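Take a look at the structure below.
Taken together, the values in this text are just the output of simple stated rules run on the coordinates, not laboratory data. Predicted model only: the values in this text are computed from it and were never measured. As a convention, Cβ positions derive from the backbone with ideal geometry for all residues, glycine included, and neighbour counts pool all protein chains shown.
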Amino acid sequence: MNPPNPGNSASTIAEAQYQNTTKNLERRIAIYKYSTNPQSWLSFVASHISPVLGTSPKILDVGAGTGELWKNVSFTSSADLTLADFSSAMCSKLQDLEVPNAHVNVVQCDAAKIPFEDGSFDILVATNLLHHVESPPACIAEFARVLKPGASVFISATSRDSSVNGLYGLSRKIGRTQSAGTFSKHTTESAVEEMERYFRGVRKESYAASLEVPGLEPVLDYLETLPGGVLTEEERKLATDIVGKEIAENGSFTVHNSSDLVIGINS
Ligand SMILES: C[S@@+](CC[C@H](N)C(=O)[O-])C[C@H]1O[C@@H](n2cnc3c(N)ncnc32)[C@H](O)[C@@H]1O
């Protein structure tokens, strides 16, 4: 699939999912209240960023979405926080984000073309972004370019198994062929090798959080945020059969999810 705009890395699906709305992301985040892990993913990510904040850090979050991550980070000294996203809807929402002790700057740009000079940032974060782009390696190279030597980078990756058996997998089981992410291009299995081309000391921190969803509606609502939108009668029936059967047998619909935070230091 070609990128929708020449020179940009966003996939056509990401454009449709995010360019003009924050709702798909917000409705998807809602299902994580059924997580079995008492620590949220965002709090987990924040716990790895906090130790490297130092004083007055210059931070870039690429594909920042609605900026939820930054509600989990406490800045004890002033920080310069740049939130970048290609979506005008996300950028508009990000303009209202207030983070104590941080000066927030919002930039609308593509992850493969970041409008900052070489060596501009101390920390770069890109969570749940790279499975949405056409060329993860091009974005990772761009991340290395805008980071100072010795700076820290944090990206996330999902295992192939989670993408096949998780909620995106359920979407395919009911006949939807398009998934929201191009997982074939960026998974836990490929992320470390890609990161090692530019960063040293690359390591993975694993986060496991299954979802145990007690009712049908949150799952159907999630499915409707994925490509294809509102479920047809037949898709709804198929999903109801699969999910309803499991809830009847086990009391909940379980989705085994695991993600990794991949951390590196710029060379
Ligand atoms: C799944 S959301 C993740 C949001 C946030 N980082 C999080 O972890 O909750 C993916 C975000 O990446 C943005 N995005 C997708 N492709 C992009 C690209 N090529 N350049 C910049 N942002 C992109 C979308 O607009 C969306 O806000």
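Pulled fully out, how much extra length does the chain show between SER184 and ASN165, if you take 0.36 nm times their separation in residues and subtract their Cα-Cα distance?
Difference between extended and current length: 5.4 nm.
What does the extension gain come out to for THR36 and SER88, with contour length at 0.36 nm per residue minus their alpha carbon separation?
15.4 nm
Test of understanding: what is the full-extension gain from GLU98 to SER43, defined as 0.36 nm times their sequence separation minus their Cα-Cα distance? Please report the intermediate quantities before stating the final value.
Working: separation 55, 0.36 × 55 = 19.80 nm, distance 1.75 nm.
Roughly 18.0 nm would be gained on extension.
For a Förster distance of 51 Å, can you work out the FRET efficiency between the beta-carbons of VAL52 and VAL230, rounded to the nearest 0.05? Please list the in-between numbers first.
Values: r = 43 Å, r/R0 = 0.85.
About 0.75, to the nearest 0.05.
Taking the inverse of the average 1/r across all pairs of different Cα atoms in the chain, what Kirkwood radius in Å do you get?
Working: mean 1/r = 0.0525 Å⁻¹.
This gives a value of 19.1 Å.
Roughly how many debye, to the nearest 20, is the charge dipole of the chain about its Cα centre, given +1 on each Lys and Arg Cβ, -1 on each Asp and Glu Cβ, and no other charges?
I would put it at about 200 debye.
For VAL106, enumerate residues with amide H under 5 Å from its amide H, sequence gap 5+ or separate chain, H modeled in the peptide plane.
Residues meeting the criterion, in which the H sits 1.01 Å from N, are LEU83.
Of the chain, which part is the longest with no GluC sites (Glu not before Pro) in a loop (DSSP not H, G, I, E, B) and with at most 10 other C-beta atoms within 10 angstrom?
Free of exposed loop sites, the longest segment is 118-267.
When the label point is put 7 Å from the Cα of ASP241 along its Cα-to-beta-carbon vector, which residues of segment 178-221 have a backbone N closer than 20 Å?
The answer is 178, 216-217, 219-221.
Could you work out how far the C-alpha centroid of segment 1-79 sits from that of segment 117-147, in angstrom?
Taking the Cα centre of segment 117-147 as reference, the centre of segment 1-79 is 13 Å away.
Taking the Cα of SER78, stepping 7 Å toward and past its beta carbon, and measuring to each backbone N in segment 45-62: which are under 17 Å?
Zone members listed by number: 54-59.
Where in segment 6-37 does the label zone of CYS109 land, with the point 7 angstrom along Cα→C-beta and an amide N cut-off under 15 Å?
Counting backbone N atoms under 15 Å from the label point, the list is 8-10.
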